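Peer 1: Attaching a single structure in structure tokens format; questions to follow.
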Amino acid sequence: MAPRPMKRTVFTALVLALAMLATACGSGDDVTGPTADEGSCDVADLNLVTPGKLTVATGEPAYPPWVGTTDGEGFDDPASKLGYEAALVYELAAQMGFTDADVVWTRVGFDEAIAPGTKPWDFNLQQYSITEAREQVVDFSAPYYTTRQALVVFEGSPFAAPSSMADLKDAALGAQVGTTSLDFIEDVIKPSKEAAVYNDNAAAKAAMTAGQIDGIIVDLPTAYYITAVEIEGSVIAAQFETEAADPDNYGLLFAEGNSLVPCVNTALAALRDSGKLDELEQTYLTQGGSIPTISG
Amino acid sequence: MREPSSIDNVGGGPGLLGPPPAPGRREEGTRAALIAFASTIIFTIVALWVILASPNWPKIQQQFFDWGHFVEAFPAILKGFWLDIKMFLGAEVIILILSLIIAMIRSLRGPAFFPIRALAVVFIDIIRGVPVILLILLMGFGIPALQLPGVPKSALFWGLTALILSYSAYTAEVYRAGIESVHESQRMSARSLGLTQGQALRYVLVPQAIRNVVPALLNGFVSLQKDVALVLVLGIREAVRAADIYAAKTFNYTGYIAATLLFLIVSIPVARFTDWYTERDRRRKQSVTA
Amino acid sequence: MTLPKLELRGVWKSFEDKEVLRDVGLTVGHHDVVCLIGSSGSGKSTMLKCINLLFPIDRGQILFDGADITAPGVNANQVREKMGIVFQAFNLFPHMTVLDNITLSPRKVHGAAKSRAEAQARDLLARFGLSDKIDEYPDRLSGGQQQRVAIVRALATEPELMLFDEVTSALDPELVSEVLNVIRGLKDVGMTMVIATHEMGFARDVADQVCFLDEGRILEHGVPDQIFSSPQEPRTKQFLQRIIDAGRL
């Protein structure tokens, strides 16, 4: 019999075996990063990507009310200093001894930023929730804002007025990949239909507009923006306050082991004590009217 | 049937292992096979040793080849892959039929058929010129957003439709090349027997054309097997998306490797089958009397 | 006086800018056998394909049984059913058996029942000594057998005129005569035929009329004796001399 088929089978099998073998043998080794230095928080002494400059990353586009106001001012323009997160950065910078001109903005994808490794920026903020899983690979500052998950649907939807989690069991829900919003759907709401998962909130919004999903889960301020500005006819059906899920604490995201963290936390604490954080929240993140709260 | 000569057996046909070596006797054929086998083993061992001994290996292994993560990620990815399989099998059937119809329309001759021939050309040009992902987004989000009555909203429906249209345009050109590669005398013989253009295509040209282009069609099929993953942008949880979700949650990429293996498990056999088919066809043509 | 079976009047045909047929005129009476001789590229093949309406002509007329088949509005398929044409090669459909090759047209075009078409096929194959090949695929047949089956296939549609386009030119020499004998047999039963050929001996034997084509024109025509023994035109003499020198006449 011709030996040819045998050789091909062997070759193919070996290629596949190589991959499988690779996962089973050897043992992983933890990568230890540099330990945080204790030291002065003067600008000159800080461990910055570009000395003398504060390089801050955020998403693209950066949406209101985090960057820009809900009226459309400063849309996707963090240098305008408008929007909760944009304004926060400039306050922090001033607190730490930078001038406004020292702040340099750069843009990164949501997932990319969380991935382990060194970063070409000092810190990133785009509504990152502090989670244990993420803390294994990156560092967070102390929380700067606490929020809840919210459900956005169309007015008149059968899911527009849920009184409990059980009312959402049959909903087709969607969220962005890698977010606590997605985890919330899968671990807490647990609808009978699997959640639809999108590359970004823009796609989730497109799917809702196309009638492919009943609603999306996002943080409350984002929900405000979507319903006020982005999707006509949409409403916030509920915000969630459950024991099963911790509230979302947003933190600034740093490369693992970045020695900037203590100094930033000091500045953040100062802003909190002076009431600045509350002031920013009042300006950008509070809306009139009450949103029904679901706790179970 | 005469015994196949060793020129056919030794070393295998073109493709994976290169052109067959010079003719020899049966014993030489077996010996060559053993040498190839042994050298493959040695090569693999050396390659494995080089990789595993590298200082970066532990990091790479933890990130991409961690067994614990593999086991944890696998069920969801396998479930997503099952959806991929259903998608590409279903789509392929429709593509083969639709593209054949388009190709036959393009092959009709004569001024009377100009309008539909032109329509086929326009369709092929536009659809083939647009990236599949763009088509998927346009149709998957765009069309349902119009909220036209009676039009389906499902992301899966429009995602698959976009894939089917895209691949039908490409495959139609494959068929057309096949039809045109059939000797002109065949068409003339068919017409001279009184067959209409449609009958000539159906009974004479297309059967031969298909035989000629089976490898190219299989190639397109392998391509489709991978491209079905693109519907993930519409929120559909097929294998790559499932791996993506896992990676975003755990920052470990072993899930991607698991998805890779699954895709290879279906595509490699098809590639080998294509090689076998091409080789068999070539041998048959060689033995045909003039 | 009965109309000729086939008549060409002032036929011109060009491909792109090249004139392939120039002012061709020909009359073929019922049961006549006309042989076309000439070098490659002289227009023999094109002429046959124009007669069979596989190519449209640019100027002139072709009359079949007195009717102008090149006029607009003529159903070409119907005309073709009454003619049979056999080419030099690639006649048979390789993906069908001999039987299917032969019964395809009777069944699909004439709507004959399968059994009747098959009976006719068997009958024809028996007449030409090819019965044992009925279920074979063309690639199992020799070149001569393939050409003979191609002739049988053309005959299955019961044509009134047969056209042969150098049907033995691609064959090994020992297979040529079996095909030529088939054509002789057709002459014996009175089939009207136009045959393009290089086989001069054969042409001399069977033809009622021989036409010498040169650069798209019928330069000379007449009975075989006249053309082969005492050609008038210098180019005809030149052509025949080359054939004689090659030992083919």
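Peer 1: Checking the structure you have, find out if any residue of the stretch A:270-287 is touching a residue at least 60 places away in the same chain (Cβ under 8 Å), closer than 11 Å to residue A:139 by Cβ and out of contact with any Cys (no Cβ under 9 Å at 6 or more places or on another chain).
Peer 2: No, the conditions are met nowhere in the stretch A:270-287.
Peer 1: Residue A:163 - would you say it is farther than 30 Å from residue A:97 by Cβ, in a loop (DSSP other than H, G, I, E, B) and not assigned by TED's automatic domain parsing to the domain that holds residue A:49? Steps first, answer last, please.
Peer 2: Details: farther than 30 Å from residue A:97 by Cβ: yes; in a loop (DSSP other than H, G, I, E, B): yes; not assigned by TED's automatic domain parsing to the domain that holds residue A:49: yes.
So residue A:163 passes the test.
Peer 1: Just name the residue that is nearest to residue B:257 (Cα to Cα) out of those in the stretch B:82-94 that are among the hydrophobic types (A, V, I, L, M, F, W, C) and either more than 14 Å from chain A (Cβ to nearest Cβ) or part of a loop (DSSP other than H, G, I, E, B) (or both). Give the derivation first.
Peer 2: Of all residues in the stretch B:82-94, those among the hydrophobic types (A, V, I, L, M, F, W, C) come to B:82-83, B:85, B:87-89, B:91, B:93-94.
Checking the rest, the ones that are also either more than 14 Å from chain A (Cβ to nearest Cβ) or part of a loop (DSSP other than H, G, I, E, B) (or both) come to B:85, B:87-89, B:91, B:93-94.
Numbers: B:85: 18, B:87: 21, B:88: 21, B:89: 23, B:91: 25, B:93: 29, B:94: 30 Å.
So the residue we want is B:85.
Peer 1: Next question, about the same structure. Within the stretch C:164-172, identify whether any single residue is touching a helix residue (DSSP H, G or I) at 6+ places or on another chain (Cβ under 6 Å) and hydrophobic (A, V, I, L, M, F, W, C), and answer yes or no. Don't jump to the end; show me each part of the working.
Peer 2: Filtering the stretch C:164-172 down to residues touching a helix residue (DSSP H, G or I) at 6+ places or on another chain (Cβ under 6 Å) leaves C:165, C:167-168, C:171.
Subsequent filtering for residues that are hydrophobic (A, V, I, L, M, F, W, C) retains C:167, C:171.
Taking every residue of the stretch C:164-172 in turn, at least one turns out to be touching a helix residue (DSSP H, G or I) at 6+ places or on another chain (Cβ under 6 Å) and hydrophobic (A, V, I, L, M, F, W, C).
Peer 1: Does residue A:79 satisfy the criteria of being in a helix (DSSP H, G or I), surrounded by fewer than 20 Cβ atoms within 10 Å (Cβ to Cβ) and in contact with a Phe, Trp or Tyr (Cβ under 7 Å, 6 or more places away or on another chain)?
Peer 2: Values: in a helix (DSSP H, G or I): yes; surrounded by fewer than 20 Cβ atoms within 10 Å (Cβ to Cβ): yes; in contact with a Phe, Trp or Tyr (Cβ under 7 Å, 6 or more places away or on another chain): yes.
In short, yes.
Peer 1: Scan the stretch C:28-45 and give yes if some residue there is more than 19 Å from the chain's Cα centre (by Cα), at positive phi and either outside any strand (DSSP E or B) or not hydroxyl-bearing (Ser, Thr, Tyr) (or both), otherwise no.
Peer 2: Within the stretch C:28-45, the first condition is being more than 19 Å from the chain's Cα centre (by Cα), and the residues that meet it are none.
No, the conditions are met nowhere in the stretch C:28-45.
Peer 1: Taking the condition away from chain A (no Cβ under 12 Å), more than 28 Å from residue B:71 (Cα to Cα) and modelled with pLDDT under 90, does residue B:202 pass? Don't jump to the end; show me each part of the working.
Peer 2: Details: away from chain A (no Cβ under 12 Å): yes; more than 28 Å from residue B:71 (Cα to Cα): yes; modelled with pLDDT under 90: no.
Here the answer is no, as residue B:202 does not meet what is asked.
Peer 1: Provide a single number: the residues in the stretch B:246-273 that are within 11 Å of chain A (Cβ to nearest Cβ), β-branched (Val, Ile, Thr) and in contact with a helix residue (DSSP H, G or I) (Cβ under 7 Å, 6 or more places away or on another chain).
Peer 2: Going through the stretch B:246-273 one residue at a time, the tally reaches 4.
Peer 1: Please return the ranges of strands (runs of 3 or more DSSP E) entirely within the stretch C:142-249 where 3 or more residues are within 30 Å of residue C:128 (Cβ to Cβ). I'd like the intermediate steps shown before the answer.
Peer 2: Working: elements: C:161-165, C:192-196, C:209-214, C:217-222.
The strands (runs of 3 or more DSSP E) meeting that bar are C:161-165, C:192-196, C:209-214.
Peer 1: Tell me, yes or no, whether the stretch C:171-189 has at least one residue that is surrounded by fewer than 21 Cβ atoms within 10 Å (Cβ to Cβ), in contact with a Pro (Cβ under 7 Å, 6 or more places away or on another chain) and farther than 20 Å from residue C:26 by Cβ.
Peer 2: No - not one qualifying residue is present in the stretch C:171-189.
Peer 1: Please go through the stretch B:166-197 and pick out each residue that is touching a helix residue (DSSP H, G or I) at 6+ places or on another chain (Cβ under 8 Å), more than 7 Å from chain C (Cβ to nearest Cβ) and free of Cβ contacts under 8 Å to residues at least 24 places away in the same chain.
Peer 2: Once the filter is applied, which keeps residues that are touching a helix residue (DSSP H, G or I) at 6+ places or on another chain (Cβ under 8 Å), more than 7 Å from chain C (Cβ to nearest Cβ) and free of Cβ contacts under 8 Å to residues at least 24 places away in the same chain, the stretch B:166-197 yields B:187, B:190.
Peer 1: Please go through (1) surrounded by 20 or more Cβ atoms within 10 Å (Cβ to Cβ); (2) more than 14 Å from every other protein chain (Cβ to nearest Cβ) for residue B:141 and return the number of the only condition it doesn't satisfy.
Peer 2: It fails just one condition, (2).
Peer 1: Does residue B:224 meet the test of being part of a helix (DSSP H, G or I) and without any contact (Cβ under 8 Å) to a residue 12 or more places away in the chain?
Peer 2: Values: part of a helix (DSSP H, G or I): yes; without any contact (Cβ under 8 Å) to a residue 12 or more places away in the chain: no.
Here the answer is no, as residue B:224 does not meet what is asked.
Peer 1: When residues of the stretch B:61-81 are filtered for being within 11 Å of another protein chain (Cβ to nearest Cβ) and surrounded by fewer than 16 Cβ atoms within 10 Å (Cβ to Cβ), how many remain?
Peer 2: So the answer is 3.
Peer 1: Can you tell me which of C:157, C:236 is among the hydroxyl-bearing types (Ser, Thr, Tyr) and more than 30 Å from residue C:109 (Cβ to Cβ)? Before you say what the answer is, go through the steps one by one.
Peer 2: Working: C:157 fails: more than 30 Å from residue C:109 (Cβ to Cβ).
After applying the criteria, what remains is C:236.
Peer 1: Only one of these is surrounded by fewer than 18 Cβ atoms within 10 Å (Cβ to Cβ), closer than 22 Å to residue B:184 by Cα and within 17 Å of the chain's Cα centre (by Cα): C:88, C:78. Name it.
Peer 2: From the options C:88, C:78, the qualifying one is C:88.
Peer 1: Shifting gears a bit: Report yes if some residue within the stretch A:126-142 is touching a residue at least 60 places away in the same chain (Cβ under 8 Å), surrounded by fewer than 20 Cβ atoms within 10 Å (Cβ to Cβ), in contact with a Gly (Cβ under 6 Å, 6 or more places away or on another chain) and not aliphatic (A, V, I, L, M); otherwise report no.
Peer 2: Checked against the condition, which is being touching a residue at least 60 places away in the same chain (Cβ under 8 Å), surrounded by fewer than 20 Cβ atoms within 10 Å (Cβ to Cβ), in contact with a Gly (Cβ under 6 Å, 6 or more places away or on another chain) and not aliphatic (A, V, I, L, M), the stretch A:126-142 yields no hits at all.
Peer 1: Taking only pairs six or more apart or across chains, which ones have beta-carbon atoms under 8 Å, a first residue in the stretch A:157-175 that is surrounded by fewer than 12 Cβ atoms within 10 Å (Cβ to Cβ), and a second residue that is not charged (D, E, K, R)?
Peer 2: The qualifying pairs are A:163/A:292; A:163/A:294; A:164/A:294; A:164/A:296.
Peer 1: List pairs: first in the stretch B:33-60 and more than 10 Å from every other protein chain (Cβ to nearest Cβ) and assigned to a helix (DSSP H, G or I), second surrounded by fewer than 15 Cβ atoms within 10 Å (Cβ to Cβ) and among the aliphatic types (A, V, I, L, M), Cβ under 8 Å, 6+ apart or cross-chain?
Peer 2: Here the result reads none, with nothing in the stretch B:33-60 linked to a residue that is surrounded by fewer than 15 Cβ atoms within 10 Å (Cβ to Cβ) and among the aliphatic types (A, V, I, L, M).
Peer 1: Which number in (1) without any contact (Cβ under 8 Å) to a residue 24 or more places away in the chain; (2) surrounded by fewer than 16 Cβ atoms within 10 Å (Cβ to Cβ); (3) part of a helix (DSSP H, G or I); (4) not acidic (Asp, Glu) marks the one condition that residue B:148 misses?
Peer 2: Answer for residue B:148: the failing condition is (3).
Peer 1: Residues in the stretch C:117-150 that are within 12 Å of another protein chain (Cβ to nearest Cβ) and surrounded by fewer than 22 Cβ atoms within 10 Å (Cβ to Cβ): how many?
Peer 2: 8
Peer 1: Kindly indicate whether residue B:185 is crowded, with 22+ Cβ neighbours inside 10 Å, closer than 18 Å to residue C:89 by Cβ and either polar (S, T, N, Q) or not assigned by TED's automatic domain parsing to the domain that holds residue B:280 (or both).
Peer 2: Numbers: crowded, with 22+ Cβ neighbours inside 10 Å: no; closer than 18 Å to residue C:89 by Cβ: yes; either polar (S, T, N, Q) or not assigned by TED's automatic domain parsing to the domain that holds residue B:280 (or both): yes.
No, not satisfied.
Peer 1: Of the conditions (1) at pLDDT below 90; (2) in a helix (DSSP H, G or I); (3) among the hydroxyl-bearing types (Ser, Thr, Tyr), residue A:181 satisfies every one except a single condition; which number is it?
Peer 2: Of the numbered conditions (1) at pLDDT below 90; (2) in a helix (DSSP H, G or I); (3) among the hydroxyl-bearing types (Ser, Thr, Tyr), the odd one out for residue A:181 is (1).
Peer 1: Further question on the same structure: What pairs come up if the first residue lies in the stretch A:92-108 and is acidic (Asp, Glu), the second is part of a loop (DSSP other than H, G, I, E, B), and their beta carbons are under 6 Å apart, counting only those six or more places apart or on different chains?
Peer 2: A:102/A:53
Peer 1: Applying the selection to the stretch C:74-116, what residues are of a type in the set (Gly, Ala, Ser), assigned to a loop (DSSP other than H, G, I, E, B) and more than 8 Å from chain B (Cβ to nearest Cβ)? Spell out how you get there, then give the answer.
Peer 2: Filtering the stretch C:74-116 for residues of a type in the set (Gly, Ala, Ser) gives C:76, C:84, C:89, C:105, C:111-113, C:115.
After this cut, where a residue has to be assigned to a loop (DSSP other than H, G, I, E, B) as well, the list is C:89, C:111-113.
Result: C:111, C:112, C:113.
Peer 1: Moving to a separate point now. Select from the stretch A:228-252 the residues that are out of contact with any helix residue (DSSP H, G or I) (no Cβ under 8 Å at 6 or more places or on another chain) and under 16 Å from residue A:175 (Cα atoms) and write down the one among them that is nearest to the other protein chains (Cβ to nearest Cβ).
Peer 2: First, pick out the residues of the stretch A:228-252 that are out of contact with any helix residue (DSSP H, G or I) (no Cβ under 8 Å at 6 or more places or on another chain): A:228-229, A:232-233, A:237-238, A:241, A:243, A:246-247, A:249-251.
Next cut, under 16 Å from residue A:175 (Cα atoms) only: A:237-238.
On the way: A:237: 19, A:238: 22 Å.
Across the stretch A:228-252, the extreme among qualifying residues is A:237.
Peer 1: Mind listing whichever residues of the stretch C:51-73 are part of a loop (DSSP other than H, G, I, E, B), more than 16 Å from the chain's Cα centre (by Cα) and touching a residue at least 24 places away in the same chain (Cβ under 8 Å)? Step through it out loud before you land on a result.
Peer 2: Restricting attention to the stretch C:51-73, the residues satisfying the condition of being part of a loop (DSSP other than H, G, I, E, B) are C:52-58, C:65-66, C:69-73.
Okay, now just the ones that are also more than 16 Å from the chain's Cα centre (by Cα), so C:56-58, C:65-66, C:69-73.
Across the stretch C:51-73, the qualifying residues are C:57, C:58, C:65, C:66.
The values are calculated or read from the model by the stated rules, or taken from the named source; none is laboratory data. Just so it is clear, the structure is predicted and the values come from calculations on it, not from any experiment. Positions of Cβ are generated from backbone atoms using ideal geometry, with glycine treated the same way; all protein chains shown enter the neighbour counts.
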